[in-house]
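Notes for the one structure printed next.
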Amino acid sequence: MELFWHRRDLRLTDNVGLAAAADRGAVAGVFVFDDDVLAHASDVRVRRLLDGLAALRDDYRDRGGDLLVARGDPATVLPELADALDADRVVWNRDYSGLARERDAEVRRALDEAGIEREAHHDAVLHTPDSIRTNAGDPYSVYTYYWRKWTDREKDPPAPTPEAGDLVDADALAAAVESDDGALADGGAATDPVAVGDLPAPDDVGFAEPDADVGPAGTEAARERLDAFLDAAVFSYDAERDYPAREATSRMSAFLKYGEIGVREAYEATEEAMAAAEERVASGNGAAGEGGDAEDEDGPVAAVEEYQQQLAWREFYTQVLYHNPEVVAENYKEYEEEIEWRDDPEEIAAWKRGETGYPIVDAGMRQLREEAFMHNRVRMIVASFLTKDLLADWRHGYEHFRERLADHDTANDNGGWQWAASTGTDAQPYFRIFNPMTQGERYDPEAEYITEYVPELRGLDADLIHGWHELSPTQRANAAPGYPAPIVDHSERREDALAMYKRARGEDPEE
Ligand SMILES: Cc1cc2nc3c(=O)[nH]c(=O)nc-3n(C[C@H](O)[C@H](O)[C@H](O)COP(=O)(O)OP(=O)(O)OC[C@H]3O[C@@H](n4cnc5c(N)ncnc54)[C@H](O)[C@@H]3O)c2cc1C
């Protein structure tokens, strides 16, 4: 038998490493709660992880198997467990982030020392971070060029799902863990007890139950969501995706982050949607499908391609982080001088609370607090506001998102923040500064999204909400006494931000 180590691939379907192990004989899956990883976790992500693990365990149980759950250093747990189970090999899928790569190197060493075979597979992305490079052989730092190669490359089909007979059955697992004088079940030499199917509560691993609702988890929920999206909304994705009230995006980010759906499966499903879109165009029916609100600007084919582009952004940022692990803490783009961020603690705290007096910003920050999620357009707006209106270091925002987002992914989150702060690979130019009022007016014209999350503004005319910064104190007090006045003046801060970036670029801020 072989041991499969689940990490960011909480699924049985389209799982390259698991399929390879199952192809050779019986396989048992294990998840290890690693304290080094938990040190970087948050209440929200632990809850989301536990939900994903519960779904994975149920998927094992449905096929007669179960999930082994251990806690400790994987470099200690895995050799011990492989030995106790008499496993021929330990198999996993590669994780490309810096911390994971260090951890995996230690696990490799430990297994080698114990004389246990090991095997790592590519699974998390369609094209590995090393495989798409410029003609000169360098990693890409400009998305458009990366995308052209990414979209032209052949994609692997989904990996086969193990059948019931491919899995070590639950009774055999329990017997193996109990054997060896119960050493594993009681806690081995250096590990906490190994359990069959027993998941800890957040409290057991040092976290609290979050206030936010982290949403559905698991492969079945991921498939349902993707199918529903690809049946209808995808055909108008291009035209609708920027409007947060319309729920026109796929909400796949947390499923992809925890690997509850495979990228090959997701991509194949988009190709089926592409074929349907082409058929619509060929039959002269280019309009959006049922459930889509508007006909897409460039037709359904372009809309599906726009969606595939987002999957490619995910892979683009994965390779940026892989080749530049330092971006987690440093600007990707060098400036001549350090950017002199203002970093006012009270302003940053108001931003986190969603009390800046800029309705679209506050709605986004409150959506984050309530749902552990924020719409992409609004992520861009709140990130621009933090860096270019509050002149606060993007790292404050990244830290806050890291704590609060259920879909937090180091590569995407970092890429998004550095884009907004004009410090990243393919970033927004420093002089492009979102006006939060016009962004709100354009993308939430009826203020539906805003009033969903900012109850103080409910019942007010959208014009009043979008003109909040222009109202007098008396008008504001009459309209919505509980909602704050803008904490900064956007026009003034815009000028301050331009001067801040020019200084960092070694340019004259007066020009
Ligand atoms: C400041 C900032 C922080 C962000 N932090 C994260 C994060 O921690 N995790 C995360 O997955 N995304 C992050 N994003 C990207 C994007 O906002 C989310 O992926 C998207 O909002 C998730 O919603 P969805 O699944 O409905 O997206 P859809 O529009 O349906 O897109 C489908 C999938 O494509 C990927 N994707 C979409 N947009 C991007 C993008 N710009 N960069 C990389 N991948 C993308 C995601 O996996 C997403 O699930 C961030 C963006 C910004 C501006």
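The values are calculated or read from the model by the stated rules, or taken from the named source; none is laboratory data. Computed from a predicted model, the values in this text were never measured in an experiment. We place every Cβ from the backbone using ideal geometry, glycine too, and count neighbours over all the protein chains shown. In case anyone asks, the SASA skips ligands and DNA or RNA and just uses the protein heavy atoms, side chains included. Shrake-Rupley method; radii C 1.70, N 1.55, O 1.52, S 1.80 Å.
General remarks:
- Residue check for LEU256: within 9 Å of the ligand (Cβ to nearest atom), touching a helix residue (DSSP H, G or I) at 6+ places or on another chain (Cβ under 8 Å), open to solvent by 10 Å² or more (accessible area, probe 1.4 Å) and in the same structural domain as ARG314 (by TED's automatic domain parsing): yes
- Taken together, the residues in region 394-405 that are near the ligand (Cβ under 9 Å from one of its atoms) and either open to solvent by less than 10 Å² (accessible area, probe 1.4 Å) or under 24 Å from PHE431 (Cβ atoms) (or both) amount to 5.
- Listed here are the strands (runs of 3 or more DSSP E) enclosed by region 47-157 that have at least 1 residues being aromatic (Phe, Trp, Tyr): 89-93.
- Residue satisfying all of: in region 33-43; open to solvent by 10 Å² or more (accessible area, probe 1.4 Å) and in contact with a helix residue (DSSP H, G or I) (Cβ under 9 Å, 6 or more places away or on another chain); farthest from HIS121 (Cα to Cα) among these: ASP43
- Scanning region 101-115 for residues that are surrounded by 18 or more Cβ atoms within 10 Å (Cβ to Cβ) and in contact with a helix residue (DSSP H, G or I) (Cβ under 8 Å, 6 or more places away or on another chain) turns up ARG103, VAL107, ALA110, LEU111.
- Within region 380-393, the set of residues being charged (D, E, K, R) and either crowded, with 24+ Cβ neighbours inside 10 Å or in contact with a Leu (Cβ under 7 Å, 6 or more places away or on another chain) (or both) comprises LYS388, ASP389.
- Out of ARG503, ARG432, one residue alone is out of contact with any Ser or Thr (no Cβ under 9 Å at 6 or more places or on another chain), open to solvent by 10 Å² or more (accessible area, probe 1.4 Å) and either within 16 Å of the ligand (Cβ to nearest atom) or in a helix (DSSP H, G or I) (or both). It is ARG503.
- GLY424 vs. criteria open to solvent by less than 20 Å² (accessible area, probe 1.4 Å), of a type in the set (Gly, Ala, Ser) and over 16 Å from VAL382 (Cα atoms): yes
- Matching residues, region 50-67, being touching a Leu at 6+ places or on another chain (Cβ under 8 Å) and within 18 Å of GLY259 (Cα to Cα): LEU50, GLY52, LEU53, ALA54, ALA55, LEU56, ARG57, ASP59, TYR60, LEU67
- Residues that are touching a residue at least 60 places away in the same chain (Cβ under 8 Å) and either open to solvent by 20 Å² or more (accessible area, probe 1.4 Å) or not hydrophobic (A, V, I, L, M, F, W, C) (or both), drawn from region 484-500: PRO484, ALA485, PRO486, ILE487, HIS490, ARG493, ARG494, ASP496, LEU498
- Residue within region 437-454 that is in a helix (DSSP H, G or I) and out of contact with any helix residue (DSSP H, G or I) (no Cβ under 9 Å at 6 or more places or on another chain) present: yes
- The number of residues in region 223-243 that are part of a helix (DSSP H, G or I) and closer than 19 Å to ASN376 by Cα comes to 12.
- Positions within region 313-343 being more than 15 Å from the ligand (Cβ to nearest atom) and more than 12 Å from TRP394 (Cβ to Cβ), in sequence order: HIS323, ASN324, PRO325, GLU326, GLU334, TYR335, GLU336, GLU337, GLU338, GLU340, ARG342
- With respect to the stated conditions, GLU330 fails to be assigned to a helix (DSSP H, G or I) and either touching a residue at least 24 places away in the same chain (Cβ under 8 Å) or open to solvent by 40 Å² or more (accessible area, probe 1.4 Å) (or both).
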